[in-house]
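Chemist: Once you've had a glance at the structure underneath, I'll fire off some questions.
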Amino acid sequence: MHNDLHVRLAKHLAAMGMGLPHTEALVDILEEVFSTREAEIALLLPAADIPLKAVSVEEVLPNTTLERETVKSTLQDLAARGVIYSRRRDDGSMGYALHQAGFGFPQAFFWKGTKSPQARKMTKLVLKYFNRAVTREAFGGRRTKAYRYIPINQALDPAVQAIMPHDHMDTVLDNATRFAVAHCPCRVEADLMGRACEHPLEVCLKFDEMVDFLIQRGLGKEITRAQARDIVRRSAQAGLVHFVDNAAGKVMHNCNCCGCACWNVGTIRRRKIPRDELMAVYFTRETLAEHCTGCGACVAICPVQAIALEEDVAVVDQQWCIGCGVCALRCEFDALRIRYREDQDQPVPPDFEQLHMTIRAENEKA
């Protein structure tokens, strides 16, 4: 029998913009992570805000009869353990927020890359929770998707980049002021379950508001813009897919994902959830048949296995291609181009805040 406070907290988390669907498996995670008193105090944090919007202790006190010191010390402890998000607010006070799906939950359990018995236990709990139905509900369903793919720099025509500069990783990095790197949570989980792949681990980039949290809580390390550019470059060379918030302006993070382990690319690779239900995909690949030699290099590297050879020409499955451009690095004959999807009629939201306000509005109408 689950504790009522943990059940209430699960329902509270489900009400967030990037909510965590309420299941028994979620309550199991919360009972592992939060004591009863901690769950009671976590319930004071609002579910109505967009990700990373932190509130002060004073703002939540009117909603409880608990002593200020009890609330403050508990929130501080939860933040120190990385269980909730925290940051210094503009007025100098410390602010706190619940982790939302993809914004700390479940990533904060694995950003360190720790291989401890507790990390293995959390891996089993998280994998049990994020089944296909939960993943689809948390990240899909609504018209506006929280995340999108950006083609590798070498894959896009310069004319396209000039028209849509937000579809270029250099622009993403130029828009950020601070940078941190952490371990890829998906590949850390896979490693803990004995399914490690050969792809690099420390390639999960965080920007600005997320940097302070990762650094203060020991979940990542601060790096320079030049180091971030190098991580992006090396990730592309390793066949990883650039994944960012679905916003044209400043974004909060960039993951570099593989088809082996990552929740989005791997799910599409295994054909578990249709591509357009899960992610905003603005590009696809087109083969230039007159230049294609049928060497198969693109077939081997495609992270979602969307390319096949037919009569010695690379043919693309347009229902599953994610337009990542990874294949462009392996093609020696310039036999492809990454093109903007003609059937994509939804513009990239202008910024992070508008993106998540739109998502909340769509959730409320559903």
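Chemist: Classify the chain: rounded, prolate or oblate, from the alpha-carbon gyration tensor (a ≥ b ≥ c, eigenvalue square roots; a/c under 1.5 rounded; otherwise prolate if a/b is larger than b/c)? Don't skip to the answer; put the middle values down first.
Modeler: Values: a/c = 1.96, a/b = 1.81, b/c = 1.08.
Note, shape of the chain comes out prolate.
Chemist: Can you tell me which lysines have their Cα less than 29 Å from the Cα of LYS53? Leave out same-chain residues fewer than eight positions away.
Modeler: LYS53 reaches LYS11, LYS72, LYS112, LYS128, LYS145, LYS206, LYS221, LYS250, LYS365.
Chemist: What is the local net charge at GLY323, summed over the other residues whose Cβ is closer than 9 Å to its Cβ (Lys, Arg +1; Asp, Glu -1)? Could the numbers behind the result be given before it?
Modeler: Details: positive: ARG285, ARG339, ARG341; negative: none.
Local net charge: +3.
Chemist: What number, in percent, do you get for the relative contact order of the chain if the mean sequence gap of Cα pairs under 8 Å and at least 6 apart is divided by its residue count? Working shown, then result.
Modeler: On the way: 673 pairs, mean separation 61.2, N = 366.
Worked out over the chain, it gives 17 percent.
Chemist: Can you tell me which of THR74, THR144, THR64 moves the most in a GNM of the chain? Springs connect C-alpha atoms under 10 Å apart.
Modeler: In this elastic network of the chain, the residue with the biggest mean-square fluctuation among THR74, THR144, THR64 is THR64.
Chemist: Sticking with this one: Cβ neighbours within 10 Å, averaged per peptide: list 92-100, 121-129, 241-249 in order, most packed at the top.
Modeler: Per-residue mean Cβ counts within 10 Å order the peptides as 241-249, 92-100, 121-129.
Chemist: Continuing with this model, one more query. Extending each Cα 7 Å along its Cβ direction at ASN131 and GLU58, get the distance between those two points in nm, one decimal.
Modeler: Result for the modelled spin labels: 4.7 nm.
No lab work stands behind these numbers, since they all come straight from the coordinates. Just so you know, these numbers come straight off a predicted model, no measurement behind them. Backbone-built Cβ (ideal geometry, glycine too); neighbour counts: all protein chains shown.
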